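A short write-up of the structure that comes next.
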Amino acid sequence: MAPLPISSIRVGKIDDVQELIKTKPNKVPERFIREANERGVLVSHKTHLHHHIPVVDLSKLSKPHTHDDFLFEILKLSQACEDWGFFQVINHGIEGGVVEGIEKVAKEFFEMPLVEKKKYPMEPGTVQGYGQAFIFSEDQKLDWCNMFALGVHPPSIRNPKLWPSKPARFSENLEGYSKEIRKLCKRLLKYIAISLDLKEEKFEEMFGEAVQAVRMNYYPPCSRPDLVLGLSPHSDGSALTVLQQSKNSCVGLQILKDNTWVPVLPLPNALVINIGDTIEVLTNGKYKSVEHRAVTNRERERLTIVTFYAPNYEVKIEPMGELVDDETNPCKYRSYNHGDYSYHYVSNKLQGKKSLDFAKILN
């Protein structure tokens, strides 16, 4: 059920930011300039709360040295999901060569001439291909970012025409990386189920043949990072999102915590995980998706590889009965088909957590 191009959408001229900085390095076109209340506030990550982003050691969950280690790490995971919606995982078991391989081909792809990248266009109304997603009007503000996104699993969501033949081994590296991330997501969902006092396989049984997509984001330097955003504020429609930031990238991810944009500094060899809208609905709001955005840097580029993991499009989503209590925790979200929510999500611009209104029961 991958979205189809919508011919009626008029998106206007979308400048390629990599080309902009080649020809007009000090020029920020009006269409990228945000209103004052939207802009990426320049904060020092040294003085903010990035060191408080929870860190979960998966080695203590998959191979606990003691039962106490296991319980302590499960408690950390539970608190991370409930209080932050974001956490980092260390000792995740994905080999360094797999991580380096996907970073290498992603970087090589974005370094190709524009004429090559344009062979894989992201058509209006879709979220696969090269370009900018979630653009639905000619006057909508643009993000300071180039994207390349692909549906990975199941095969029915793939668009083979968008899988590039260059750089060499792109598909091979993406396939290998995606298999490892898929294993990681299954493990994380098992531990999340345990943290909720559910049976381990609860989510895997519910999700069916889970949907997996990847998006590579390239944020070039910007002469006026105070005027633009790398990626507009949003929560993710997935169940889980896995973020990998390339080595030597500048800090760019910010999450909204207690009405403050908190920068997240990824730890070496760690992956950043966040809870998506789907888990918020399934847990009846106990584990919430969190609004986040990306900011840019004056001098340094940033490259990220983001994997979205979600239930099959045919799965019915609603709060799990174990987490609903008519008196103390009444049902907050309606029942819906996940494919319908996915279509709703990609058919609207990124706008905080507004997409989740689709599922909320309004009193």
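The values are calculated or read from the model by the stated rules, or taken from the named source; none is laboratory data. All of these numbers come straight from a predicted model, not from anything done at the bench. Neighbour counts run over all protein chains shown; Cβ positions are idealised from the backbone, glycine included. Just the protein is used for accessible areas: all its heavy atoms, side chains included, with ligands, DNA and RNA removed. Shrake-Rupley method; radii C 1.70, N 1.55, O 1.52, S 1.80 Å.
Observations, loosely collected:
- Failed condition for Thr260, given (1) closer than 28 Å to Lys76 by Cβ; (2) in contact with a Ser or Thr (Cβ under 6 Å, 6 or more places away or on another chain): (2)
- Glu108 meets all of the listed conditions (1) in contact with a strand residue (DSSP E or B) (Cβ under 8 Å, 6 or more places away or on another chain); (2) touching a residue at least 40 places away in the same chain (Cβ under 8 Å) but one, namely (1).
- Residues located in the stretch 292-325, provided they are crowded, with 23+ Cβ neighbours inside 10 Å and of a type in the set (D, E, K, R): Arg302
- The listed residue being at pLDDT below 95, in a loop (DSSP other than H, G, I, E, B), surrounded by fewer than 23 Cβ atoms within 10 Å (Cβ to Cβ) and not basic (Lys, Arg), out of Pro233, Pro225: Pro225
- Meets criteria (in contact with a strand residue (DSSP E or B) (Cβ under 7 Å, 6 or more places away or on another chain) and either touching a residue at least 40 places away in the same chain (Cβ under 8 Å) or surrounded by fewer than 21 Cβ atoms within 10 Å (Cβ to Cβ) (or both)) for Ser335: yes
- Here the condition is being open to solvent by 10 Å² or more (accessible area, probe 1.4 Å), of a type outside the set (Gly, Ala, Ser) and within 16 Å of Val346 (Cα to Cα); of Phe136, Phe148, it holds for Phe136 alone.
- Between Leu189, Leu174, Leu198, Leu150, the distinction of being closer than 26 Å to Lys316 by Cβ and not in a loop (DSSP other than H, G, I, E, B) belongs to Leu189 only.
- When Lys119, Lys166, Lys141 are checked against the criterion of being basic (Lys, Arg), outside any helix (DSSP H, G or I) and under 26 Å from Arg34 (Cβ atoms), Lys141 stands alone in meeting it.
- Total residues in the stretch 190-217, condition in contact with a strand residue (DSSP E or B) (Cβ under 7 Å, 6 or more places away or on another chain) and not β-branched (Val, Ile, Thr): 6
- Near pairs, Cβ below 9 angstrom, 6+ apart or cross-chain, from the stretch 343-363 (without any contact (Cβ under 8 Å) to a residue 12 or more places away in the chain) to any residue that is open to solvent by less than 100 Å² (accessible area, probe 1.4 Å) and not hydroxyl-bearing (Ser, Thr, Tyr): Lys354/His234; Lys354/Asn348
- Residue-level check: of (1) open to solvent by 10 Å² or more (accessible area, probe 1.4 Å); (2) at negative phi, Asn248 misses just (2).
Yes or no, residue by residue, for (1) touching a Lys or Arg at 6+ places or on another chain (Cβ under 7 Å); (2) basic (Lys, Arg); (3) under 21 Å from Tyr343 (Cα atoms):
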site: Pro121; (1), (2), (3): no, no, yes
site: Pro124; (1), (2), (3): no, no, yes
site: Ala133; (1), (2), (3): no, no, yes
site: Asn146; (1), (2), (3): no, no, no
site: Pro155; (1), (2), (3): no, no, yes
site: Asp197; (1), (2), (3): no, no, no
site: Glu200; (1), (2), (3): yes, no, no
site: Ala210; (1), (2), (3): no, no, yes
site: Val214; (1), (2), (3): no, no, yes
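- The set of residues in the stretch 173-201 that are of a type in the set (Lys, Arg), more than 25 Å from Phe109 (Cβ to Cβ) and in contact (Cβ under 8 Å) with a residue 12 or more places away in the chain comprises Lys186, Arg187, Lys190.
- Test: residue in the stretch 212-229 that is closer than 27 Å to Leu350 by Cα and in contact with a His (Cβ under 7 Å, 6 or more places away or on another chain): yes
- Selection status of Asp357, farther than 24 Å from Leu231 by Cβ and open to solvent by 40 Å² or more (accessible area, probe 1.4 Å): no
- The set of residues in the stretch 13-34 being under 25 Å from the mean Cα position of the chain (by Cα) and of a type in the set (S, T, N, Q) consists of Gln18 alone.
- Checking Glu95 against (1) modelled with pLDDT under 90; (2) open to solvent by 90 Å² or more (accessible area, probe 1.4 Å), the condition it does not meet: (1)
- Only one entry in Ile102, Ile94 is out of contact with any strand residue (DSSP E or B) (no Cβ under 6 Å at 6 or more places or on another chain) and more than 23 Å from Tyr287 (Cα to Cα), namely Ile94.
- Scanning the stretch 258-275 for residues that are open to solvent by 20 Å² or more (accessible area, probe 1.4 Å) and either within 23 Å of Lys349 (Cβ to Cβ) or over 17 Å from the mean Cα position of the chain (by Cα) (or both) gives Asp258, Asn259, Thr260, Trp261, Leu267, Pro268, Asn269.
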